[in-house]
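The values are calculated or read from the model by the stated rules, or taken from the named source; none is laboratory data. Here the structure is a predicted model, which is why all the values come from computation and not from measurement. Ideal geometry is used to build each Cβ from the backbone, glycine not excepted, and the neighbour counts take in all protein chains shown. Heavy atoms of the whole protein, side chains included, go into the accessibility calculation; ligands, DNA and RNA do not. Shrake-Rupley method; radii C 1.70, N 1.55, O 1.52, S 1.80 Å.
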Amino acid sequence: MTVIELTRMRLGREQDVFALRRLGRAAAELSGLEAQDQIRVATALSEIGREVAAGGAEVVFTLDGGELRITIEHTATTDPAGWEALALASRLVDSVTADTERGHITITKRLTALPAAPSARHIRERLAQLAPTTAVDELREQNKELAETLDEVRQLNAELQETNLGVMALYNQLSSELEETNRGVVALYAELDEKSSRLRQAAETRNRFWATVSHELRTPLNSIIGLVRLLVGPGGDPLTEEQTHQVGLIGGSAETLLSLVSELLDMAKADSGRLQPRLATVDLGGLVHQLHLTMQATSDVALRTEVAGEVTGIYTDEVMLTRVLRNLLSNALKFTRRGEVRLSARLDEPAGQVVITVADTGIGIPPEYLGRVFEEFVQVPVPAQAASKGTGIGLTYAAKLTEMLDGSLELDSTFGEGTTATVRLPYYGGPPRIERVLIADDDEDFRATARRMLYGFAAQVDEAADGVEALAAMRDGRPDVIVLDMLMPRLDGNALLQRMAEDEELRKVAVVVVTVSPGKAAAGHPVLSKLDLSREQLLRSVLEATGADRA
């Protein structure tokens, strides 16, 4: 777009600044700028004009590409960049640039509407007609501008006051609604607390009931079993074949009831936290062999077992594991008429787990019941030709015991084809090498993985979700080693290491660093990658950090 010169004037004395201000406002008005923008352009010109008037200056007004551009050619010897007037002017218009070498200062203000060529000619004519102004005239004009600005400010204040009244009314309304909501929330919390208390009481009552019933039933059941053994054993009066059969049925039923009562009692203990695993080295191969002998004798279905050599000895609770496997085998044999039941155990080295599967070729579980089989007293409907129905607590009991062994129990089934139960237990083949380990990481999944890897290797494994929790846990009881993630909320790994170094006791704690970006660790601590961490790497690093491998 063509540059159109509107007018120019010469500054040679301070009185010319008044004329420059008037000319600037007129040029801005004729170019289509609003009143406030006109005052801004005039004020910017007067501020810079005072700086250059004494040395003389040429001021040129032009229209260039939709902008009102005012160029001031001056002879000032000081650098305009340090002028306070230049800083003030830059806040009033779109841009103010200073060319020190050429002695030019350029003021630019964008136009809301670009004047056409005839309009630009009209602007030049109008600007040429402006009569020279005096200081008094300019002061009168500025007073007029000030009065207009004050009127606008009053109007804005009135609008602001009205807006504030609306905001206050809205605030009061919201405060009232929030207070009412808070009362409702408090009432809801009170109701939830009451219901939680009732649920706890109901759970305690149920547990007491099961414990009482279990104890009361054990005595008569043991008596029945004892009498049956006396009747069918040597030294008793001879029985007919039918009598022996009937007495055998009575004994079998009594033993089934006694097993059920024992499971109910254990479930009550587990719910109340009184059933705790007793860890020791267990001969898994011998345990499975004993189960094979006792359970194959009660079924016509083939029972096959296979235990991998590397998991023959594991560190767990033998009684709990026996009950879990007996329940799973009992279910498999009970609901399998043809085919076989197979128990296999192997080591999943990357996960650091023993995987035990019990697979059968039985009737299977309908899909709609597969997600409910671990609920208490849920019985899956079985065909009429099935051997017997379940009690509804066997899988629940097995799942609780597996969870207490820090493992998991999963079930996969195809209706009409068979069921596979998978037990996963943390693997360790010997007594604990470390007394206590603390895992400090905000990643819950990694903490669970590391905990499984350390199962049995450490007598006690604690967790902390951030540095603050880790510091508190260490002060409650000093661990032998901390598995530390350097990137944690509240207190990161570096800050935690600094706190540990300042504490006489905590500086004795060995440190193993885990991170997604392995590198050199502070103070020479070993660093492991979380992305491809193996159980062997973690255990070796813990032993090296604590010096236990040299013990």
Looking for whichever is in contact with a helix residue (DSSP H, G or I) (Cβ under 7 Å, 6 or more places away or on another chain) and either open to solvent by 70 Å² or more (accessible area, probe 1.4 Å) or over 14 Å from residue 8 (Cβ atoms) (or both) here; the options are 81, 89. Which one fits? 89
Exception for residue 468 within (1) over 18 Å from residue 544 (Cα atoms); (2) assigned to a loop (DSSP other than H, G, I, E, B) falls at (2)
I need the full set of residues from the stretch 486-511 which are open to solvent by 60 Å² or more (accessible area, probe 1.4 Å), farther than 20 Å from residue 541 by Cα and assigned to a helix (DSSP H, G or I), in order please. 498, 499, 502
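In the stretch 12-24, which residue that is in contact (Cβ under 8 Å) with a residue 60 or more places away in the chain and out of contact with any Phe, Trp or Tyr (no Cβ under 9 Å at 6 or more places or on another chain) is nearest to residue 42 (Cα to Cα)?
21
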Just to be sure I understand, how many residues within the stretch 68-101 are outside any helix (DSSP H, G or I) and small (Gly, Ala, Ser)? 3
Assigned to a loop (DSSP other than H, G, I, E, B), surrounded by 13 or more Cβ atoms within 10 Å (Cβ to Cβ) and at pLDDT 85 or above - does that describe any residue in the stretch 407-417? yes
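Quick grid of which residues meet (1) open to solvent by 50 Å² or more (accessible area, probe 1.4 Å); (2) in contact with a Phe, Trp or Tyr (Cβ under 6 Å, 6 or more places away or on another chain); (3) within 24 Å of residue 459 (Cα to Cα):
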| position | (1), (2), (3) |
| --- | --- |
| 287 | no, no, yes |
| 310 | yes, no, yes |
| 343 | no, no, no |
| 351 | no, no, yes |
| 364 | no, yes, no |
Those residues of the stretch 57-68 which are surrounded by fewer than 22 Cβ atoms within 10 Å (Cβ to Cβ) and touching a residue at least 60 places away in the same chain (Cβ under 8 Å) amount to 64, 65, 66
Regarding residue 507, is this residue more than 25 Å from the chain's Cα centre (by Cα), at pLDDT 90 or above and more than 14 Å from residue 441 (Cβ to Cβ)? no
Pull out all pairs, ordered by first then second residue, where Cβ-Cβ is under 6 Å, the residues are six or more apart or on different chains, the first lies in the stretch 250-278 and is modelled with pLDDT under 70, and the second is of a type in the set (Phe, Trp, Tyr) and open to solvent by 30 Å² or more (accessible area, probe 1.4 Å). 264/210; 268/210
Any residue in the stretch 26-35 that is farther than 27 Å from residue 149 by Cα and either touching a residue at least 40 places away in the same chain (Cβ under 8 Å) or open to solvent by less than 30 Å² (accessible area, probe 1.4 Å) (or both)? no
May I ask you to verify whether residue 318 is touching a strand residue (DSSP E or B) at 6+ places or on another chain (Cβ under 6 Å), farther than 29 Å from residue 364 by Cα and either surrounded by fewer than 18 Cβ atoms within 10 Å (Cβ to Cβ) or of a type in the set (D, E, K, R) (or both)? no
Single match in 2, 7 (criterion: without any contact (Cβ under 8 Å) to a residue 40 or more places away in the chain, among the β-branched types (Val, Ile, Thr) and either assigned to a helix (DSSP H, G or I) or farther than 16 Å from residue 93 by Cβ (or both)): 2
In this structure, does residue 426 turn out to be open to solvent by less than 20 Å² (accessible area, probe 1.4 Å), modelled with pLDDT under 85 and within 18 Å of residue 536 (Cα to Cα)? yes
The stretch 102-120 residues that are at pLDDT below 70, paired with ones that are open to solvent by 30 Å² or more (accessible area, probe 1.4 Å) (beta carbon under 7 Å, 6 or more apart): 113/32; 115/32
May I ask you to verify whether residue 196 is open to solvent by less than 80 Å² (accessible area, probe 1.4 Å), modelled with pLDDT under 75 and not hydrophobic (A, V, I, L, M, F, W, C)? no
How do the pairs read when you match residues in the stretch 426-452 that are charged (D, E, K, R) with residues anywhere that are open to solvent by 50 Å² or more (accessible area, probe 1.4 Å) and modelled with pLDDT of 90 or more, using Cβ under 6 Å and keeping only pairs 6 or more apart or on different chains? 435/480; 436/480; 447/463
Is there a residue being over 17 Å from residue 3 (Cβ atoms), open to solvent by less than 30 Å² (accessible area, probe 1.4 Å) and not in a loop (DSSP other than H, G, I, E, B) anywhere in the stretch 106-129? no
Can you confirm whether residue 73 is at pLDDT 85 or above and open to solvent by 40 Å² or more (accessible area, probe 1.4 Å)? yes
